[in-house]
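A.B. asks: Structure incoming, see below.
The values are calculated or read from the model by the stated rules, or taken from the named source; none is laboratory data. Predicted model only: the values in this text are computed from it and were never measured. Note: ideal-geometry Cβ built from the backbone for every residue, glycine included; neighbour counts use all protein chains shown. Accessible surface areas use protein heavy atoms only, side chains included; no ligands, DNA or RNA. Shrake-Rupley method; radii C 1.70, N 1.55, O 1.52, S 1.80 Å.
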Amino acid sequence: MKFTKMHGCGNDYVYVDGAREHIKNKKELVIAASDRHFGIGSDGVIFINPSKIADFEMEMYNADGSRSEMCGNGIRCVGKFVYDHGLIDKSKVSVESFGKIKFLDMTVEGGKVSRVRVNMGEPVLTAAEIPVVSDNARVLDEKIEVNGKIYHMTCVSMGNPHAVVFMDNVADMKIEEIGPYFENHERFPNRTNTEFVKVLDESHVEMRVWERGSGETLACGTGCCATAVACVLNGFTDNHVFVKVLGGEIEIEWDRESNLIYMTGPATTVYEGDYPWVE
């Protein structure tokens, strides 16, 4: 199976051209390929398929083999993949994921895509649609007890569920201890991604993320979008936020007039190869 290893700010995935590689047992492949000791090593696998409603479809799997609705860093790399591999000859591309379409505007330098700006659509704030169990229509600075400790969270969906928790110190927190409890908490019917955020100033924040199905990752594009929304709603930042993650920095802009979220960040190819997969 031919593949391309790519990352967006360290959030790395194995990318496969689904039009050429026909994999029957994708969950088994994803788990094997994502293994950082015995496989290629990644946060998951993304298949790039033909689409009837967009230029391409992104079919994304977490490292544990579970499907995910959206991946911000992943979709930027999809744009780079299709352009750099000559599957499309324009710098604007539409990508379908879980039936919803995102629009990408790519920066091309030296014939290759270096950065991608994505219209991530509208943030979903209604609790039932995220989904998160709550007595309130929106979950804004709401208490949650996790493993015996009280936290305050703001919940947002960017096509996938997020719980944003503001803290004074994220650098020294033991995310591997608390992350799984948030992910599998009974208040999240579909599990959740959790962002732990420190506000630096009105336009900069620092964030660490625990992604459902993958654990801590170096970046999460949809998590950065959810973080920016939560920051604005809680009055911590302006609408234009630079989110510092372990793997770099992602720029988020919330156009309040159109209620659209724009995410801008790098997309990088690591290497290409053949994975000895036999079904």
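A.B. asks: Evaluate the following for Gly215: is it under 19 Å from Asn62 (Cβ atoms) and in contact with a Cys (Cβ under 7 Å, 6 or more places away or on another chain)?
C.D. replies: When the stated conditions are applied, Gly215 does not pass them.
A.B. asks: Select from the range 210-235 the residues that are without any contact (Cβ under 8 Å) to a residue 60 or more places away in the chain and surrounded by fewer than 24 Cβ atoms within 10 Å (Cβ to Cβ) and write down the one among them that is farthest from the chain's Cα centre (by Cα).
C.D. replies: Gly235
A.B. asks: For the range 255-279, enumerate the residues that are modelled with pLDDT under 95 and surrounded by 12 or more Cβ atoms within 10 Å (Cβ to Cβ).
C.D. replies: Trp277
A.B. asks: In the set Val209, Val229, Val205, Val164, which member is modelled with pLDDT of 95 or more, touching a Ser or Thr at 6+ places or on another chain (Cβ under 9 Å), under 21 Å from Lys100 (Cβ atoms) and not polar (S, T, N, Q)? So that I can check it myself, show each step before the final result.
C.D. replies: Values: Val209 fails: under 21 Å from Lys100 (Cβ atoms); Val205 fails: under 21 Å from Lys100 (Cβ atoms); Val164 fails: under 21 Å from Lys100 (Cβ atoms).
Going through Val209, Val229, Val205, Val164 in turn, just one is modelled with pLDDT of 95 or more, touching a Ser or Thr at 6+ places or on another chain (Cβ under 9 Å), under 21 Å from Lys100 (Cβ atoms) and not polar (S, T, N, Q): Val229.
A.B. asks: Filter the range 128-149 for residues that are within 20 Å of the chain's Cα centre (by Cα) and buried (at least 18 other Cβ atoms within 10 Å of the Cβ) and give the result.
C.D. replies: Ile130, Val132
A.B. asks: What do you reckon, is Lys174 more than 30 Å from Asp35 (Cβ to Cβ) and basic (Lys, Arg)?
C.D. replies: no
A.B. asks: Could you pull out every one of the strands (runs of 3 or more DSSP E) wholly within the range 56-115 that has 3 or more residues that are within 24 Å of Tyr271 (Cβ to Cβ)?
C.D. replies: In the range 56-115, the matching strands (runs of 3 or more DSSP E) lie at 56-62, 100-109.
A.B. asks: Kindly provide the set of residues from the range 6-24 that are more than 15 Å from Glu59 (Cα to Cα) and surrounded by fewer than 18 Cβ atoms within 10 Å (Cβ to Cβ), ordered by number.
C.D. replies: Within the range 6-24, just Gly10 meets the criteria.
A.B. asks: Oh, and also: From the set of residues in the range 150-188 that are open to solvent by 10 Å² or more (accessible area, probe 1.4 Å), in contact with a Phe, Trp or Tyr (Cβ under 9 Å, 6 or more places away or on another chain) and not in a loop (DSSP other than H, G, I, E, B), which is nearest to Glu69 (Cα to Cα)?
C.D. replies: Selected residue: Glu183.
A.B. asks: Would you check if Glu59 is surrounded by fewer than 24 Cβ atoms within 10 Å (Cβ to Cβ) and touching a helix residue (DSSP H, G or I) at 6+ places or on another chain (Cβ under 9 Å)?
C.D. replies: Answer is yes for this residue.
A.B. asks: Quick one: would you say Lys52 is open to solvent by 30 Å² or more (accessible area, probe 1.4 Å) and either of a type in the set (Ser, Thr, Tyr) or within 29 Å of Arg191 (Cβ to Cβ) (or both)?
C.D. replies: Details: open to solvent by 30 Å² or more (accessible area, probe 1.4 Å): yes; either of a type in the set (Ser, Thr, Tyr) or within 29 Å of Arg191 (Cβ to Cβ) (or both): no.
Spelling it out, it is not the case that Lys52 is open to solvent by 30 Å² or more (accessible area, probe 1.4 Å) and either of a type in the set (Ser, Thr, Tyr) or within 29 Å of Arg191 (Cβ to Cβ) (or both).
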